[in-house]
1. Collect the residues in segment 1-31 that are in a loop (DSSP other than H, G, I, E, B) and touching a helix residue (DSSP H, G or I) at 6+ places or on another chain (Cβ under 8 Å), keeping them in residue-number order.
2. Going by the structure shown, is HIS116 touching a Ser or Thr at 6+ places or on another chain (Cβ under 6 Å), within 15 Å of ALA30 (Cβ to Cβ) and not acidic (Asp, Glu)?
3. Of all residues being in a loop (DSSP other than H, G, I, E, B) and modelled with pLDDT of 95 or more in segment 103-137, which is nearest to ASP88 (Cα to Cα)? Just the residue, please.
4. Kindly list the number of the only condition in (1) within 18 Å of LEU62 (Cβ to Cβ); (2) loosely packed, with under 14 Cβ neighbours inside 10 Å; (3) not polar (S, T, N, Q) that fails for ASP141.
5. Quickly run through segment 148-168 and pick out the residues that are surrounded by 17 or more Cβ atoms within 10 Å (Cβ to Cβ), of a type in the set (A, V, I, L, M, F, W, C) and not in a helix (DSSP H, G or I).
6. Does segment 56-66 contain at least one residue that is of a type in the set (Ser, Thr, Tyr), surrounded by 13 or more Cβ atoms within 10 Å (Cβ to Cβ), modelled with pLDDT of 90 or more and in a helix (DSSP H, G or I)?
7. Only residues in segment 118-138 that are surrounded by fewer than 21 Cβ atoms within 10 Å (Cβ to Cβ) count as the first member; pair them with residues that are hydroxyl-bearing (Ser, Thr, Tyr), Cβ under 6 angstrom, at least 6 apart or cross-chain, and list the lot.
8. Out of the residues in segment 32-47 meeting the condition of being without any contact (Cβ under 8 Å) to a residue 60 or more places away in the chain and part of a loop (DSSP other than H, G, I, E, B), tell me which one is nearest to VAL115 (Cα to Cα).
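The values are calculated or read from the model by the stated rules, or taken from the named source; none is laboratory data. Just so it is clear, the model here is predicted, and its values are computed rather than measured. Note that we place each Cβ from the backbone using ideal geometry, even for glycine, and neighbour counts take in every protein chain shown.
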Amino acid sequence: MRVYIPTTLAGLAEGYKAGEIGPAPLDAFAVTPGLREWYVSDDIEELEYAALTRAAQASLRLLAVHPDTPRRRVVVAVDIADGEVAHDPDRGLDPAALGEVRLARPVPFTKTAAVHVDADDAVSDVSAAAEALGAADAGDDDAQFTVDGVEDHELLWYATQEIPHLIG
């Protein structure tokens, strides 16, 4: 199963150095039954993109609580056995929980399939969105517009051998 783990560049560097993504439990995103039902598609690429997008939103939340971290959303795509992934079927159709899964153990970095990271030109918009997140959560429409605007930036795909370059 392909699972998308939200993190930051600092978190990516820590995981790379440690040889695993953790600590457990890890909140992540995947194509769950609830996501399939909500998205109403049988196209696995579309469904995986939806899970990736949810992980990117979670990465933005991590940036909001870590203001000293470089302002680029980061999602690590890993391939792990279905049995290592748990999801709450009772929250499956809750819009706030679509695609959410939990991993009970750290994930060995060898399971990494790719890394998705914002381009340099997204930094100012990501920074503004991270700063506006609290106000958006409180119902501020202008702040929500700023947060939603960051989704105009597609995350770039990086192969695992490019990770050392990313974390510099």
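1. Passing the criteria: MET1, THR8, GLY19, GLY22, VAL31.
2. Here the answer is no, as HIS116 does not meet what is asked.
3. Top of the filtered list is ASP118.
4. (1) is the only condition that ASP141 fails.
5. Within segment 148-168, just LEU155 meets the criteria.
6. yes
7. ALA128/THR146
8. Applying the filter and picking the extreme gives ASP43.
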